[in-house]
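K.L.:
A single structure is presented below for examination.
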Amino acid sequence: MGSSAWIFLQGRAHTEYRRGLAGLFTNKALGVYSSVQERVYDDYFDKFVAHTEANGGKPTEFMGMFREINCALSCRTFFGDYISQDAVKRIADDFYLVTAALELVNIPLSMYIPFTKPWLGKRTADAVQVEFAKCAAACKANMASGATPTCIVDQWITHMLESEHYRNLIAAGESNAPKPTNLIRVFTDREIAQTLFTFLFASQDASSSATTWLFQILAQRPDVLSRLRAKNLAARGGDRTRPFELNMYESLTYTNAVIKELLRYRPPVIFVPYETTKPFPITPTYTVPKGAMIVPSCYPALHDPTAYPDPEVFNPDRWITGDAESKTKNWLVFGAGPHDCLARRYVPLTMAHMIGKAALELDWVHHATARSEDIRVFATLFPMVCSFRP
Ligand code: HEM
């Protein structure tokens with residue numbers, strides 16, 4: 001990502017940068033992205049079925065497919081049609097090299113030794129950012145011509161253009177000019193690419209992990225899947241083919257509960273590294289010194305029986321008739337503090353869109369194996385083996 005990436009900023013510099021990005025995740029903005037996402041789901045659900053047919057209907061590993069749909073979802077939500085399908089596929093195929101690089105990231109200089117995992121990961125990261133910078137340039141040209149925003153970068157550039165316009169009016173003496181809601185500076189194509197790369201990095205593994213468990217667990221729980229299916233059909237007025245809209249989300253209480261329970265039961269991001277900015281007591285007898293790295297895990301808090309009774313049971317109803325919603329201190333799925341997940345509203349929304357549409361258009365069977373309930377940590381949590389037949 002490079003040490004200059006905004007997520008490594010601290011204090012005021014970080015808060016200000018982040019404030020400029022928050023406008024890309026408001027309800028209004030999220031509503032704009034759902035049509036581009038609907039097309040990704042249409043495309044990939046066909047691919048899921050074709051993938052199984054190509055294997056003669058036999059159960060096949062699906063983790064690769066789940067990684068690919070999430071990569072396509074991110075690339076299209078970020079860049080809409082400015083990014084080619086070839087580029088999306090290449091990024092999806094190569095991105096695991098970026099994740100694999102993390103295994104050796106603390107070995108000094110390994111990034112410069114050809115063909116090591118960090119070297120391969122860095123090359124991939126650089127290539128993705130070159131592609132993203134090209135898309136940012138195309139996006140800027142289109143928005144300058146007055147086009148309507150359809151994706152995150154369109155939205156960001158619209159805010160830059162509105163801010164620039166406002167500054168010009170003020171410079172021309174129009175002191176009463178209306179101030180834009182998101183007053184930001186102009187970012188270069190490279191800065192846009194780098195920022196969107198941090199989004200892809202933050203999203204790819206976490207979202208793929210959540211998708212994999214969601215499909216696996218719902219296949220194992222037909223009671224949950226059929227209730228979710230019925231609720232999604234009702235939200236679409238009985239029309240199975242009606243595209244998802246933002247205003248449906250509020251009525252999808254059960255779908256939302258399934259997603260929250262999934263994120264609690266199998267939290268994708270269990271380790272978040274923090275650096276101490278002052279001595280930090282972690283037990284009555286041990287205080288971590290300033291400047292040390294602490295890597296706390298949210299897993300125990302999310303499986304704490306005092307907050308979530310029977311924590312090893314997947315029970316979406318605890319979010320409806322139980323008191324899970326009130327356990328905010330335990331709900332660390334998206335982190336906490338100034339660097340908490342920028343997409344904490346976007347994630348449940350896109351997951352609701354994906355699983356609601358999948359429930360209405362697909363059926364799938366999970367083929368359990370001796371190892372499919374074992375957990376594998378590849379940056380995030382995955383089942384050790386994940387085979388499906390849609
Ligand atoms: C299931 C999906 C996801 C989970 C579980 C998740 C979880 C997290 C967690 C635990 C953090 C660290 C919080 C902290 O330091 O306290 C984080 C940070 C972040 N996430 Fe997510 N995330 C997910 C998806 C996404 C997506 C889809 C995006 C972007 C579109 C995203 C963007 C970010 C960014 C930019 C940060 C860093 C924020 C900062 O440093 O200010 N995440 N996420």
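K.L.:
Tell me, rounded to the nearest percent, the portion of alpha carbon pairs in the chain spaced more than 27 Å apart.
P.N.:
Numbers: 40752 of 75855 pairs.
Cα-Cα pairs of the chain separated by over 27 Å account for 54 percent.
K.L.:
Per DSSP H run of at least 4 residues, take -39500 (n - 2.57); add these up for the chain, divide by its residues and hand me the 222 nm value, nearest 500 deg cm²/dmol. Numbers along the way, then the final one.
P.N.:
On the way: 12 runs with 205 residues, N = 390.
Roughly -17500 deg cm²/dmol at 222 nm, from the helical runs in the chain.
K.L.:
How large is the charge dipole for the chain, taken about the Cα centre, if only the Cβ atoms of Lys, Arg (+1) and Asp, Glu (-1) carry charge, to the nearest 20 debye?
P.N.:
Values: 41 positive and 39 negative charges, 107 e Å.
Here the chain has a charge dipole of around 520 debye.
K.L.:
Quick one: length gained pulling Thr188 to Ala234 fully straight, 0.36 nm per residue minus the C-alpha distance? Intermediate results must be reported in sequence, preceding the final value.
P.N.:
Numbers: separation 46, 0.36 × 46 = 16.56 nm, distance 4.51 nm.
The span from Thr188 to Ala234 would gain 12.0 nm if fully extended.
K.L.:
Can you give the relative contact order of the chain as a percent, counting alpha carbon pairs under 8 Å and 6+ residues apart?
P.N.:
Details: 493 pairs, mean separation 76.1, N = 390.
For the chain, the relative contact order is 20 percent.
K.L.:
Given labels modelled 7 Å from the Cα in the Cβ direction, how far is it in nm from Asp46 to Glu373?
P.N.:
3.9 nm
K.L.:
Where in the stretch 154-227 are there trypsin sites (Lys or Arg not before Pro) that are in a DSSP coil and have at most 12 other Cβ atoms within 10 angstrom of their Cβ? Present the calculation step by step, with values, prior to reporting the outcome.
P.N.:
Numbers: sites: Arg167, Arg185, Arg190, Arg227; in loops: Arg185.
Listed in order of number, the matching sites are Arg185.
K.L.:
Something else about it: Counting other Cβ atoms within 10 Å of each Cβ, which trypsin sites (Lys or Arg not before Pro) in the stretch 112-163 have at most 15 and sit in a DSSP loop?
P.N.:
Details: sites: Lys122, Arg123, Lys134, Lys140; in loops: none.
Answer by residue number: there is no such site.
K.L.:
Subtract the Cα-Cα distance of His165 and Phe115 from 0.36 nm times their separation in residues, and report this length gain in nm to one decimal.
P.N.:
Gain in length upon complete extension: 13.2 nm.
K.L.:
Would you work out which of Ala13, Gln204, Pro273 lies farthest towards the positive end of the dipole of the chain, given +1 charges on the beta-carbon of Lys and Arg and -1 on that of Asp and Glu, about the Cα centre?
P.N.:
It is Ala13, whose Cα lies furthest towards the positive end.
K.L.:
Please give the FRET efficiency for Thr241 paired with Glu312, using the beta carbon to beta carbon distance and R0 = 41 Å, rounded to the nearest 0.05. Could the numbers behind the result be given before it?
P.N.:
Details: r = 38 Å, r/R0 = 0.92.
Between Thr241 and Glu312 the formula returns 0.60.
K.L.:
Would you mind calculating the gained length between Glu250 and Asp86 on full extension (0.36 nm times residue separation, minus the Cα-Cα distance), in nm to one decimal? Please list the in-between numbers first.
P.N.:
Numbers: separation 164, 0.36 × 164 = 59.04 nm, distance 3.55 nm.
This chain segment gains 55.5 nm when fully extended.
K.L.:
Name the longest site-free stretch of the chain, where the excluded sites are chymotrypsin sites (Phe, Trp or Tyr not before Pro) in a DSSP loop with no more than 13 other beta-carbon atoms within 10 Å.
P.N.:
Values: sites that count: Phe115, Tyr286.
Looking at the chain, 116-285 is the longest stretch - no exposed chymotrypsin sites (Phe, Trp or Tyr not before Pro) with at most 13 other Cβ atoms within 10 Å.
K.L.:
How large is Rg/Rh for the stretch 22-68, to two decimals, with Cα atoms and a Kirkwood Rh? Before the final figure, lay out the partial values.
P.N.:
Details: Rg = 15.2 Å, Rh = 12.6 Å.
Radius of gyration relative to Kirkwood radius: 1.20.
K.L.:
Classify the stretch 1-134: rounded, prolate or oblate, from the alpha-carbon gyration tensor (a ≥ b ≥ c, eigenvalue square roots; a/c under 1.5 rounded; otherwise prolate if a/b is larger than b/c)? Mind dumping the intermediate values first?
P.N.:
Values: a/c = 2.34, a/b = 1.18, b/c = 1.99.
It is oblate, given that a/c is not under 1.5 and a/b is not larger than b/c.
K.L.:
What does the C-alpha gyration tensor say about the overall shape of the stretch 185-321? Classify as rounded when a/c is under 1.5, otherwise prolate if a/b is larger than b/c, or oblate. Don't skip to the end; give the middle numbers.
P.N.:
Working: a/c = 2.83, a/b = 1.38, b/c = 2.05.
Oblate is the answer for the stretch 185-321, as a/c is 1.5 or above yet b/c matches or exceeds a/b.
K.L.:
Quickly work out the Glu361-to-Ile320 label distance, labels modelled 7 Å from Cα along the C-beta direction, and quote it in nm with one decimal.
P.N.:
So the two model labels end up 2.5 nm from each other.
K.L.:
In the stretch 150-200, what GluC sites (Glu not before Pro) fall in a loop by DSSP, with at most 12 other Cβ atoms inside 10 Å? Don't skip to the answer; put the middle values down first.
P.N.:
On the way: sites: Glu162, Glu164, Glu174, Glu191; in loops: Glu174.
Counting only loop positions with at most 12 other Cβ atoms within 10 Å, the GluC sites (Glu not before Pro) in the stretch 150-200 are Glu174.
K.L.:
Give me the Debye-computed log₁₀ of I(q)/I(0) at q = 0.13, 0.14, 0.21 Å⁻¹ for the stretch 114-220, equal point scatterers on Cα only, no solvent, two decimals.
P.N.:
Calculated log10 I(q)/I(0) at the listed q: -0.67, -0.74, -1.09.
Just so you know, all these numbers are worked out from the coordinates, no wet-lab data involved. Note that the structure is predicted; figures quoted are calculated from it, not measured. Positions of Cβ are backbone-derived with ideal geometry, glycine not excepted, and every protein chain shown enters the neighbour counts.
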